[in-house]
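The values are calculated or read from the model by the stated rules, or taken from the named source; none is laboratory data. Everything quoted here is computed from the prediction, not taken from an experiment. Quick reminder, even Gly has a Cβ in these numbers, built from the backbone with ideal geometry, and neighbours come from all protein chains shown. Protein only, heavy atoms only, side chains kept; ligands, DNA and RNA dropped before computing areas. Shrake-Rupley method; radii C 1.70, N 1.55, O 1.52, S 1.80 Å.
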Amino acid sequence: MMIPIALIFAGAFVGAFVWAARSGQFDDVETPAHRMLNENETMSSGRKEK
Amino acid sequence: MKTISSPASSVDFSFLDLPSFRQVYTDARTPSKMRFYVRGMKCAKCVKKVEDIAMLDTLGARVQVFLGESLVEVTLIGGASGTQNSFAEVAKKIKELGYDPIPLEPHLGSQDEAIKEDRADIIRLAVMAACAGNIMTFAFAIYFGLSGVAADIFNWICFVLYLPVLFYGALPFYQGFWRSIRQKEMSIDGPMAVASVAGFVFSFINLVRGQGSIYFDSLSGFLFLILVSRYVQKRLQKKFLVPVSHFGAFEMNKARKIFATEATDWSWSLSQDLSAGDQILVLKNEVIPVDGWVVSDFGVLSLAYLTGESKPQVFQKGMKVKAGTQVLENDVVLRVEATGLGTQFGRLLEGLKRSSLTRVKVQDVSDRASQWLLWIVFSLAFVFLIGYWSINPVAAVERSLALLILACPCAMAFGTPLALAFSLKKAIRLGLILKSGDVFEKILQVENVFFDKTGTLTEGSLQVVRTINLQDKNANLSQLQKQLFLALEKISYHPIAFAIRKYFTDSAASSANANNNTNISADGQSLSVTTMATSVDSSCNSEFEEQELPLTDHYEKNGVGVFATFSSQQGFQKYGVQALASNEIAVVNQVIGAQNSSGFNESRHKMVGLYLWNSDSEAWALQAALQLELPLDPSAKATVQAFQKMGKNVYLVSGDENRLVRSLGDELGLDASHVFGEMNVEQKSVMVQSKAPAMMVGDGVNDALALRQAHVGVAVVGGVELALENASVFMTQSGVGALIQLYQISQQAHRLIRRNLTISLIYNLIGGTLALMGFVNPFVAAVLMPISSGFILLSSWFGGRD
């Protein structure tokens, strides 16, 4: 019983990663780290369209 | 229509809003999106500053920074009234922040397709990681004693988990294998593809049979690690090599076309839309996008993009300039001769975009190196399979498969490319651009190092350091003498001509300021010495507005000088500018020597004189002389010594006069037998070939052949295009000292590659033997394979960094 659960878990994580990559979360892994440091949470421009 | 308003015009990006430019710089599918390559963004503050541009409501734009690739993506959202909906305004704002936005043509930057490719790569890695990791977990349970039904279930799970690896993850290997088959070459993808499929089939059969080895775990593990290393390598190349291709491409596209005859009336035009005869205006700091003739009185130009030579050179009205030349001082008007691919620079850029520089053939090198090993492994496996088949078919398949998997030359598959990619990164930081990765190998094989003299060991361009008026020793050069020098040299592209033009335009500026002239007198004999003006004043055009001297019968005799007939009030006079004979130099030196004991080093100083033809005595009479100096590269001597210390023979080969070359050789501490003067193109190349393996360092047309023949050809900054095309290394910064560093980088790379190879060879040898003897079971393979791959990955990573 544990096995299917483990596999489903693994599958879910892969799925989550694929979704993240497809939606552009890994396109630029450097800028957001810097962007976060800006004090005033800036406008819409800072984010990728969904 | 706009009028020139000098400094502000450098932030004029209005062309970006013209339909013709938008067509070039935006993708037809997303016309409101434009990407800019912006250098110099490094920190959080830069990101904030640039992205805050979008806060300006009037712009109606969205701005996103991609720091890793130095890209800024601008999307016009428009909509609200009062927004400008203009790329030009956004670009202007970025420029005002102090960054240089260069719009990218959609196919140049990382646009949608490249992003898709990146995402596909990363997803593939993730799937591979998940499958390999999970397979490993289940497989280990079996290795640690799981048996019976549970073990069967686990094996079947491994099988299912291997399916994505087989049909999705390993696709790049099949593609690579297929390509290599079509090109009739052996590639590292071969064993991977074969192992992936054969291993699967074999393991599947064993699984169904319920006995025998199962390799899903080891196969997925090492396929994953190899994909990781390839991904790392790809990222490195992208980050450090692609920016080279942005270089100049954009500048070549825009031109200010002048209407009618007034330089003040112009409009933007794509340079490809210009036609011969059009006049264009190029402002200070911009790059000339066409081949053409100077229409302005003169221009201070730099050939940096073309040849690497960054020193300013003065062009006069009517002279021809090539596309890629940069305007350093005043704005220049040009008449177009050729555009785009009609220009040498256009073709060069096109070639650059297509091939060599951006895709350094790192992979090929290691592929070639590993071919023989692959052949051995493949044929060994095959021979074993055939030979052992009669004894035990199952063991035959099993063992040859184990050999294929184990003895796969991982070090060469990714250790070498990684090491080379890291070295390339270091070389680029030194200002060295390498045409291919094998330079690192080749430079270490070099035994003889040849240096060209002019432009290579001597730094940059000739400078006029003294003027001597021989008609009136108390005075500076007369106005007429200056004008004659300039007018005579006007048709010449010889370095001396450039030096003279630069000197007189500079001194025109400084004499206006009247502070750079010093009169020195000694021994009752006085002579005026004008010291070199060090900076080019921007207000230096006054002198050139005077009428031109009426010269006829104007010609240049290559290697001798320039000559013309001057019609003055005294009738026709024949003038010439040529080098002084040595007895004349002695006379002039005597005069100079009185004030300056430092004297005259023949290897680096030259004297040219203005001569008037005396028809009575049938001889040239010296009117005035200019002393020119070629500064020595400060790193030259140290470099020569360093190479000698490494046991290399250093030679000096030059087309210059023997005694001059010898004198420089002495200055550098070279043995007389290693110094060769008066060498022509052929002789240089024969010399380089006869002393193979040799490294040739040169810059001129006369070096091009030798550069190509040499084992390693290095074109130095300031070199001509032909030299660059034939060399395998370009130096983009002056100073041959970087060569020593390149040598050290190569040594490091070599050590690293050798370390990887040794590890891998020992491993392959032991693993291969064990595999053939039948000692390798899936567990051993599963443990050994990733360990060796991981070890080499780490070894390259740490060895290559710093």
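When the range B:13-41 is filtered for residues that are farther than 17 Å from B:Val90 by Cα and acidic (Asp, Glu), only B:Asp27 remains. Any idea which of B:Val650, B:Val697, B:Val688 is in a helix (DSSP H, G or I) and within 17 Å of B:Val449 (Cβ to Cβ)? Just a single option satisfies the conditions, and that option is B:Val688. B:Glu447 falls short on exactly one of the conditions (1) over 20 Å from B:Val294 (Cα atoms); (2) at pLDDT 85 or above; (3) buried (at least 20 other Cβ atoms within 10 Å of the Cβ), and that condition is (3).
Can you name the residue in the range B:654-704 that is of a type in the set (Val, Ile, Thr) and over 21 Å from B:Val560 (Cα atoms) and, of all such residues, is farthest from the chain's Cα centre (by Cα)? The qualifying residue farthest from the chain's Cα centre (by Cα) is B:Val675. Taken residue by residue, the range B:556-577 has no member that is at pLDDT 65 or above, in a strand (DSSP E or B), open to solvent by 50 Å² or more (accessible area, probe 1.4 Å) and β-branched (Val, Ile, Thr). Of all the numbered requirements in (1) at pLDDT below 80; (2) open to solvent by less than 10 Å² (accessible area, probe 1.4 Å), B:Ile4 misses one, and that requirement is (2). Note on the range B:653-685: residues that are in a loop (DSSP other than H, G, I, E, B), of a type in the set (A, V, I, L, M) and surrounded by fewer than 18 Cβ atoms within 10 Å (Cβ to Cβ) amount to 0. Exactly one residue out of B:Met34, B:Met41 is more than 7 Å from every other protein chain (Cβ to nearest Cβ), in contact (Cβ under 8 Å) with a residue 24 or more places away in the chain and in a loop (DSSP other than H, G, I, E, B): that is B:Met41. Checked against (1) part of a loop (DSSP other than H, G, I, E, B); (2) at pLDDT 75 or above, B:Val776 passes all but a single condition, namely (2).
Yes or no, residue by residue, for (1) exposed (fewer than 15 other Cβ atoms within 10 Å of the Cβ); (2) at pLDDT 70 or above; (3) facing chain B (nearest Cβ under 7 Å); (4) part of a helix (DSSP H, G or I):
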| site | (1), (2), (3), (4) |
| --- | --- |
| A:Ile5 | yes, yes, no, yes |
| A:Gly11 | yes, yes, no, yes |
| A:Val14 | no, yes, yes, yes |
| A:Phe17 | no, yes, yes, yes |
| A:Phe26 | no, yes, yes, no |
| A:Ala33 | yes, yes, no, yes |
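If I ask for residues that are away from every other protein chain (no Cβ under 12 Å), closer than 14 Å to B:Asp217 by Cβ and either of a type in the set (Gly, Ala, Ser) or open to solvent by 50 Å² or more (accessible area, probe 1.4 Å) (or both), which ones from the range B:129-145 would you list? Of everything in the range B:129-145, those that are away from every other protein chain (no Cβ under 12 Å), closer than 14 Å to B:Asp217 by Cβ and either of a type in the set (Gly, Ala, Ser) or open to solvent by 50 Å² or more (accessible area, probe 1.4 Å) (or both) turn out to be B:Ala139, B:Phe140, B:Tyr143, B:Phe144.
Would you check if B:Val165 is under 23 Å from B:Asn134 (Cβ atoms) and open to solvent by 60 Å² or more (accessible area, probe 1.4 Å)? The answer is no for B:Val165. Residue count for the range B:169-217 under the criterion of being free of Cβ contacts under 8 Å to residues at least 40 places away in the same chain and among the polar types (S, T, N, Q): the result is 6. Exactly one condition in (1) at pLDDT 80 or above; (2) exposed (fewer than 15 other Cβ atoms within 10 Å of the Cβ); (3) over 30 Å from B:Lys502 (Cα atoms) is false for B:Ala619; which is it? Only one criterion is unmet by B:Ala619, namely (3).
Condition first: part of a helix (DSSP H, G or I), of a type in the set (A, V, I, L, M) and surrounded by 15 or more Cβ atoms within 10 Å (Cβ to Cβ). Can you find one or more residues in the range B:176-192 that meet it? Scanning the range B:176-192 turns up at least one residue that is part of a helix (DSSP H, G or I), of a type in the set (A, V, I, L, M) and surrounded by 15 or more Cβ atoms within 10 Å (Cβ to Cβ).
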